[in-house]
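A short write-up of the structure that comes next.
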Amino acid sequence: MRKFWKILKRIVYCLAGFLAVDLAIVVFFGIYRPALKPTDDIVVLGAAVNTPAAFNRSQQGLKLYQLGLAKAIVVCGGVDYPKGQSEAAYMKQAILANSTSSVPIIVEDRSYSTYENLVNTRAKIGADSSIIIVSDDYHLARSVLLAERLGFKKVYWSSPSSAYYSADKLAFYYFREMFAMIDYVPKFVTGK
């Protein structure tokens with residue numbers, strides 16, 4: 001019986017260590033910002049329609065475009081519910097409503113996950129493109145690692161301020177993202 005408890009204790013320590021590393025990766029990408037360089041496209045990842053996340057992500061993409069960091073903006077995200085507006089269409093409207101000049105926007109509105117956002121974007125712009133991914137801080141690690149695995153030439157990242165989240169909500173999203181990262185391990189390994 002004593003041997004069983006020793007083995008169980010080691011398993012718990014390994015699991016705790018794995019989760020700590022997982023959280024550290026998520027937090028690192030949320031805090032660290034590479035120096036942005038001009039790229040081919042800005043990829044704004046989807047968020048639910050009419051939410052602060054979707055609006056602020058789209059405005060961050062517009063801001064980066066206006067700084068001359070890309071030739072076009074790709075907005076991503078499918079329809080959350082039947083007969084609704086796609087996330088991509090909502091973000092396109094938010095960009096156009098807040099821009100004083102013409103903005104080239106590529107709409108990717110067939111995706112329902114981060115993986116599909118990036119796979120469908122790659123099909124539209126090509127894997128040889130350099131990109132800036134725009135999403136919320138907690139979502140950047142999974143997005144960037146997956147984009148690199150899918151073969152984009154160069155991947156940078158940016159996010160809007162998280163000020164529109166309460167501390168409780170933000171902690172929940174970071175916690176949830178830890179498990180999403182675990183779920184994506186096969187995609188990080190195989191790209192599928």
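Sort out which residues of segment 49-60 are under 14 Å from the mean Cα position of the chain (by Cα) and either among the hydrophobic types (A, V, I, L, M, F, W, C) or part of a loop (DSSP other than H, G, I, E, B) (or both), and write them in order of number.
ALA53, ALA54 - these are the residues of segment 49-60 that are under 14 Å from the mean Cα position of the chain (by Cα) and either among the hydrophobic types (A, V, I, L, M, F, W, C) or part of a loop (DSSP other than H, G, I, E, B) (or both).
When you check LEU146 against the structure, is it within 17 Å of the chain's Cα centre (by Cα), outside any strand (DSSP E or B) and aliphatic (A, V, I, L, M), yes or no?
Criteria met by LEU146.
Select from segment 31-47 the residues that are hydrophobic (A, V, I, L, M, F, W, C) and touching a helix residue (DSSP H, G or I) at 6+ places or on another chain (Cβ under 9 Å) and write down the one among them that is surrounded by the fewest Cβ atoms within 10 Å (Cβ to Cβ).
ILE31
Any residue at all in segment 5-23 that is of a type in the set (Asp, Glu), in contact (Cβ under 8 Å) with a residue 60 or more places away in the chain and either out of contact with any Phe, Trp or Tyr (no Cβ under 9 Å at 6 or more places or on another chain) or not in a loop (DSSP other than H, G, I, E, B) (or both)?
Yes, that holds for at least one residue.
Only residues that are at pLDDT 95 or above and either of a type in the set (A, V, I, L, M, F, W, C) or assigned to a loop (DSSP other than H, G, I, E, B) (or both): list them for segment 81-98, please.
ALA88, ALA89, MET91, ALA94, ILE95, LEU96, ALA97, ASN98
On the given criteria, is LYS63 more than 30 Å from VAL189 (Cβ to Cβ), of a type in the set (Lys, Arg) and at pLDDT below 95?
So LYS63 does not fit the description; no.
Of all residues in segment 102-136, count the ones that are closer than 14 Å to LEU62 by Cβ, in a loop (DSSP other than H, G, I, E, B) and in contact (Cβ under 8 Å) with a residue 12 or more places away in the chain.
Adding up the residues that qualify gives 2.
Would you confirm whether or not segment 31-48 contains a residue that is in a helix (DSSP H, G or I) and at pLDDT below 95?
Yes - at least one qualifying residue is present in segment 31-48.
Give all pairs with beta carbons closer than 7 Å in which a residue from segment 171-185 that is over 14 Å from SER143 (Cβ atoms) and surrounded by 13 or more Cβ atoms within 10 Å (Cβ to Cβ) meets a residue that is among the aromatic types (Phe, Trp, Tyr) and modelled with pLDDT of 95 or more; count only pairs at least 6 apart in sequence or on separate chains.
TYR174/TYR138
The values are calculated or read from the model by the stated rules, or taken from the named source; none is laboratory data. Just so it is clear, the structure is predicted and the values come from calculations on it, not from any experiment. Cβ: placed from backbone, ideal geometry, glycine included. Neighbour counts: every protein chain shown.
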